[in-house]
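Asker: Okay, handing you the structure first.
Please treat every number below as a calculation from the coordinates, not as lab data. What you are looking at is a predicted structure, and each value in this text was computed from that prediction instead of being measured. Reconstructed Cβ throughout: ideal geometry from the backbone, glycine too, with neighbour counts over all protein chains shown.
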Amino acid sequence: MTTTQPPAPAPRPRRSVLYMPGANARALAKARTLDADALILDLEDAVAPDAKALAREQVAAALREGGFGHRECIVRINALDTPWGHDDIRAIAQAGAHAVLLPKVQSAAQLTALADALDAAGAPPDLPLWAMAETPLGFLRLDAIASGHARLAAIVVGTSDLVKDLHARHTPRRDGTLLARSLAVMAARAHGLAVLDGVHLDLQDDAGLADACRQGRDEGFDGKTLIHPNQIAAANAAFAPTDAELACARKRLDAWRAAQAAGLGVAVVDGALVENLHAADAERLLALAAAIARA
């Protein structure tokens with residue numbers, strides 16, 4: 001039996017995805033000026049319990065006001081089994097978010113419950129769902145979660161909660177979360193989803209941030225979630241194709257097309273074989289670069 005992977009999603013740059021606390025009005029206003037590809041307007045971890053209602057109101061108002069330009073705006077709500085989750089949904093369902101992010105997803109049933117609640121609140125029927133993988137059980141079930149709802153569009157890795165649950169340690173090489181992060185990339189690629197790496201917690205560690213961004217890029221992530229605007233430049237640089245990569249992609253694609261026109265199955269560029277898989281990856285890189293340039 002022949003199986004095929006789903007087509008890759010249309011390239012939308014998600015190199016830098018910045019968490020913005022919903023209770024901080026100044027941060028929400030500043031978000032409109034930042035060079036991030038996407039913003040996660042946060043109603044969950046970044047908001048104290050006594051500020052949940054304020055955050056909900058401010059995020060909904062900011063979305064309705066707009067002005068975020070090319071930036072993708074995702075709202076991270078509180079889990080539906082908390083006192084705040086359903087109120088979050090009612091507040092933001094029709095506010096104009098590009099997606100809704102559910103924390104600590106451990107089953108596909110949670111995505112169905114989220115979609116049902118959004119539908120009941122009058123959200124657009126095609127509003128995308130994003131899922132956070134941040135618990136051991138969530139990572140172990142990622143294949144079922146990633147294929148569990150047609151509206152699921154992205155997996156967001158939450159390494160901070162995972163490290164806590166594993167009784168592991170935050171280390172420069174992030175060895176303790178390598179398996180989980182790899183499972184997230186695998187599940188996302190198997191089911192045609194975007195996938196975002198976890199945050200870098202040390203705001204003074206610029207070199208470590210750059211290393212973590214490059215590591216995530218090399219592992220296959222589309223981008224990195226961030227906790228401070230000062231981290232945006234490093235993520236944008238690491239997750240964008242370099243000039244050398246783009247030149248190589250063009251060269252390979254030209255050679256591949258010429259070989260195809262000549263009825264050949266492969267091409268040779270600088271002594272290396274170029275097959276269909278190399279041509280497809282070259283097209284992906286060029287499309288991503290074009291999308292970044294348009295943003």
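Asker: Quick check, is L162 surrounded by fewer than 14 Cβ atoms within 10 Å (Cβ to Cβ) and either in a helix (DSSP H, G or I) or under 14 Å from the mean Cα position of the chain (by Cα) (or both)?
Answerer: Numbers: surrounded by fewer than 14 Cβ atoms within 10 Å (Cβ to Cβ): no; either in a helix (DSSP H, G or I) or under 14 Å from the mean Cα position of the chain (by Cα) (or both): yes.
When the stated conditions are applied, L162 does not pass them.
Asker: Across region 219-242, what is the total count of residues that are more than 12 Å from A36 (Cα to Cα) and of a type in the set (S, T, Y)?
Answerer: The number of residues fulfilling the criteria is 1.
Asker: Now for a different question. If you check every pair at least six apart or on different chains, which have Cβ atoms under 8 Å apart with a residue in region 70-83 that is crowded, with 24+ Cβ neighbours inside 10 Å first and a residue that is of a type in the set (S, T, Y) second?
Answerer: Taking only residues 6 or more apart or on different chains, the pairs are R76/Y19.
Asker: Could you say whether any residue in region 249-269 is of a type in the set (V, I, T), out of contact with any helix residue (DSSP H, G or I) (no Cβ under 8 Å at 6 or more places or on another chain) and without any contact (Cβ under 8 Å) to a residue 24 or more places away in the chain? Please lay out each step first, then the result.
Answerer: Of all residues in region 249-269, those of a type in the set (V, I, T) come to 266, 268-269.
In the following step, the residues that additionally are out of contact with any helix residue (DSSP H, G or I) (no Cβ under 8 Å at 6 or more places or on another chain) were identified as none.
No, region 249-269 has no match at all.
Asker: So L102 clears everything in (1) within 18 Å of the chain's Cα centre (by Cα); (2) surrounded by fewer than 20 Cβ atoms within 10 Å (Cβ to Cβ) except one condition, right? Which one?
Answerer: Tallying (1) within 18 Å of the chain's Cα centre (by Cα); (2) surrounded by fewer than 20 Cβ atoms within 10 Å (Cβ to Cβ), L102 fails exactly one: (2).
Asker: Further, regarding this structure: Only one residue in A282, A289 is of a type in the set (G, A, S), under 21 Å from the mean Cα position of the chain (by Cα) and either more than 26 Å from V157 (Cα to Cα) or not in a strand (DSSP E or B) (or both), so which one is that?
Answerer: On the way: A282 fails: under 21 Å from the mean Cα position of the chain (by Cα).
Of the residues listed, the single one that is of a type in the set (G, A, S), under 21 Å from the mean Cα position of the chain (by Cα) and either more than 26 Å from V157 (Cα to Cα) or not in a strand (DSSP E or B) (or both) is A289.
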